[in-house]
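Novice: Pasting a structure here, questions to come.
The values are calculated or read from the model by the stated rules, or taken from the named source; none is laboratory data. Given the structure is predicted, the values throughout are model-derived calculations rather than measurements. Reconstructed Cβ throughout: ideal geometry from the backbone, glycine too, with neighbour counts over all protein chains shown.
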Amino acid sequence: MKIKIVLAAISVMVLSGCVGTPDSEGWRSSQKNEFLKILETDKYMSICNQQALYKKVKETENSQLMSKLLVGYTKNLANGCIIDPSLKVKRDNKITVGFGTYPQKVSDSDIKMKLKAGQSIEHILKPYVPDYRQFDALIAHYNALRKAGNTSPDLLHNIRLNIERVKLLKPNLGDTYALVNIPEYQIRVIEDDNTSVKMRVIVGTRKNRTPIFSENLQYITLNPAWNVPDSIARNEIIPDTLKDPGYLKKHRLVIRKDYNLKSPALSFDSVNAKAYKGGKGYVPFKFIEVPSDRNALGRVKFIFPNHHSVYMHDTPGKHLFKRKKRSYSHGCVRLEKPKYMLEYISKNYTAHEYEDVKEKYNSYKTHYLKIVKPLPVHTAYLTTYVDQSGKLLVFPDIYSYNKAHKLNF
């Protein structure tokens, strides 16, 4: 029995990298060899700003320097090598972070403790390696193109930027998720690494950029009313109605004290709308577009609550999907095939029978469908992307983030 326990312990030690006697820093020869092999190819593209230190480590194999490099490499892997990646944008007269990141805490002492405990370097790095297949796919293309020697420096730089952007995505994307790739104007529903749904989208303009963030889909609204934001009321609805008294009726807009269609109706003249023309600030009455085929939100919207007030929705402007460039929204994501998305999600992620959903949809009355299975929605900004067939796709830098993001090398 004791022999079995000893053999099991030895097996665990070998698997964890615990081979040989540790030095004063806790390094074993097997760990050093493993780390040097990772560094030789920069397996996880995370040497970055540690190049000078790496050169010293390669020359000396000094344990203290190697510990310092291991911590630096782990931090670069966890949080990327872009200097100040979070970019601020102006939205509804407020400054918000438009390129959201999800920083991971990396503890120096924790890394060194794991090292001294005999864990393999791969085991130490594993919690920070992105589980998103794009990470490995982009690295593979980058290495192959660099080795070929005939690839433009701009393309290599572009791929490298996107490797770093993948590091900045929310950890643990999930086996199933929806990914909106903004520069590609596409959304995919990914399930177990397979693309179940793919369609074109319209995203925000340069002025009203679709932000990069992650949240869970929570419910679907059928036949939504559009609650006009105060900024659009001030700068579009009120000026147009002052010019054309019939504007509100033509665009199916009503006025209420708040965003509740059941609250008392107000008239344009009674609210002294001219006083709120243009500028910024709160408007003490609200414009609401009632549900219809011509509603700005179309017939359905998909809600993943977030502080950006961004969601996915239908649109009456179907002709815009024929265009190659599709950045026309105020920041929300418009879907090319909203009814197909509704059918797929209602069948797979709600407790409703699709016949019941169709009946509610056809009623032209507002209904809500709760999501009962997790479906994270990630908006991303990947100007290079490896599709399911393994092909490298390249997209225009529509928000100039390639220029704004500087690599920390």
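Novice: So in segment 267-317, with the set limited to residues that are basic (Lys, Arg) and under 31 Å from the mean Cα position of the chain (by Cα), which one is modelled with the lowest pLDDT?
Specialist: Selected residue: Lys280.
So that you can scan it fast, the table gives a plain yes or no per residue for (1) in contact with a Leu (Cβ under 7 Å, 6 or more places away or on another chain); (2) outside the structural domain of Gly80 (by TED's automatic domain parsing):
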{"residue": "Lys114", "(1), (2)": "no, no"}
{"residue": "Gly118", "(1), (2)": "no, no"}
{"residue": "Ile124", "(1), (2)": "yes, no"}
{"residue": "Ile139", "(1), (2)": "no, yes"}
{"residue": "Tyr142", "(1), (2)": "yes, yes"}
{"residue": "Leu145", "(1), (2)": "yes, yes"}
{"residue": "Asn150", "(1), (2)": "no, yes"}
{"residue": "Asp154", "(1), (2)": "no, yes"}
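Novice: Hey, does segment 204-224 have a residue that's under 30 Å from Lys324 (Cβ atoms), of a type in the set (Gly, Ala, Ser) and either assigned to a strand (DSSP E or B) or in contact with a Phe, Trp or Tyr (Cβ under 6 Å, 6 or more places away or on another chain) (or both)?
Specialist: Yes, segment 204-224 has at least one match.
Novice: In segment 239-251, what count of residues is obtained for those that are modelled with pLDDT of 95 or more and surrounded by 13 or more Cβ atoms within 10 Å (Cβ to Cβ)?
Specialist: Number of matching residues: 6.
Novice: Only one of Glu215, Glu184 is surrounded by fewer than 20 Cβ atoms within 10 Å (Cβ to Cβ), assigned by TED's automatic domain parsing to the domain that holds Tyr385 and over 29 Å from Lys257 (Cα atoms); which?
Specialist: Glu215
Novice: List pairs: first residue in segment 238-249 and closer than 16 Å to Phe285 by Cβ, second residue of a type in the set (A, V, I, L, M) and assigned to a helix (DSSP H, G or I) anywhere in the structure, Cβ distance under 6 angstrom, at least six positions apart or on different chains.
Specialist: Between residues of segment 238-249 that are closer than 16 Å to Phe285 by Cβ and residues that are of a type in the set (A, V, I, L, M) and assigned to a helix (DSSP H, G or I), the close pairs are Ile238/Ala273; Thr241/Leu248.
Novice: Taking segment 191-207 only, how many residues are modelled with pLDDT under 95 and touching a helix residue (DSSP H, G or I) at 6+ places or on another chain (Cβ under 8 Å)?
Specialist: Adding up the residues that qualify gives 1.
Novice: Oh, and also: Taking the condition at pLDDT 95 or above, within 22 Å of the chain's Cα centre (by Cα) and not polar (S, T, N, Q), does Pro153 pass?
Specialist: no
Novice: Also, quick follow-up: Within segment 110-141, can you find the residues that are in a helix (DSSP H, G or I), among the hydrophobic types (A, V, I, L, M, F, W, C) and more than 29 Å from the chain's Cα centre (by Cα)?
Specialist: Result: Met113, Leu115.
Novice: Still on this structure: Go through (1) surrounded by 13 or more Cβ atoms within 10 Å (Cβ to Cβ); (2) of a type in the set (D, E, K, R); (3) under 29 Å from Pro85 (Cβ atoms); (4) not assigned by TED's automatic domain parsing to the domain that holds Ser329 one by one and return the number of the condition Lys280 breaks.
Specialist: For Lys280, the exception is condition (1).
Novice: Take segment 227-283 and flag every residue that is outside any loop (DSSP other than H, G, I, E, B), of a type in the set (Gly, Ala, Ser) and under 25 Å from Cys332 (Cα atoms).
Specialist: Matches in segment 227-283: Ser231, Ala233.
Novice: Okay, moving on. Could you list, in sequence order, all residues of segment 52-83 that are in contact with a strand residue (DSSP E or B) (Cβ under 8 Å, 6 or more places away or on another chain) and surrounded by fewer than 19 Cβ atoms within 10 Å (Cβ to Cβ)?
Specialist: Ile83
Novice: Still on this structure, I have one more. Kindly check whether there is at least one residue in segment 84-92 that is in contact (Cβ under 8 Å) with a residue 24 or more places away in the chain, outside the structural domain of Gly331 (by TED's automatic domain parsing) and under 27 Å from Ala117 (Cα atoms).
Specialist: No; the residues of segment 84-92 include none that is in contact (Cβ under 8 Å) with a residue 24 or more places away in the chain, outside the structural domain of Gly331 (by TED's automatic domain parsing) and under 27 Å from Ala117 (Cα atoms).
Novice: Looking at Asn348, is it touching a Cys at 6+ places or on another chain (Cβ under 6 Å) and over 19 Å from Gly298 (Cβ atoms)?
Specialist: Working: touching a Cys at 6+ places or on another chain (Cβ under 6 Å): no; over 19 Å from Gly298 (Cβ atoms): yes.
For Asn348, the condition - touching a Cys at 6+ places or on another chain (Cβ under 6 Å) and over 19 Å from Gly298 (Cβ atoms) - is not met.
Novice: Quick one: in segment 291-319, of everything that is farther than 19 Å from Ile182 by Cα and of a type in the set (S, T, N, Q), which residue is surrounded by the most Cβ atoms within 10 Å (Cβ to Cβ)?
Specialist: Among them, the one singled out is Asn295.
Novice: Which helices (runs of 4 or more DSSP H) sit wholly inside segment 1-99 and have at least 2 residues that are modelled with pLDDT under 80 and among the hydroxyl-bearing types (Ser, Thr, Tyr)?
Specialist: Helices (runs of 4 or more DSSP H) meeting the threshold: 2-16.
Novice: Test Leu179 against the criterion of being surrounded by 19 or more Cβ atoms within 10 Å (Cβ to Cβ), over 30 Å from His367 (Cβ atoms) and out of contact with any Leu (no Cβ under 7 Å at 6 or more places or on another chain), and give yes or no. Before you say what the answer is, go through the steps one by one.
Specialist: Working: surrounded by 19 or more Cβ atoms within 10 Å (Cβ to Cβ): yes; over 30 Å from His367 (Cβ atoms): no; out of contact with any Leu (no Cβ under 7 Å at 6 or more places or on another chain): yes.
Against the criterion (surrounded by 19 or more Cβ atoms within 10 Å (Cβ to Cβ), over 30 Å from His367 (Cβ atoms) and out of contact with any Leu (no Cβ under 7 Å at 6 or more places or on another chain)), Leu179 does not qualify.
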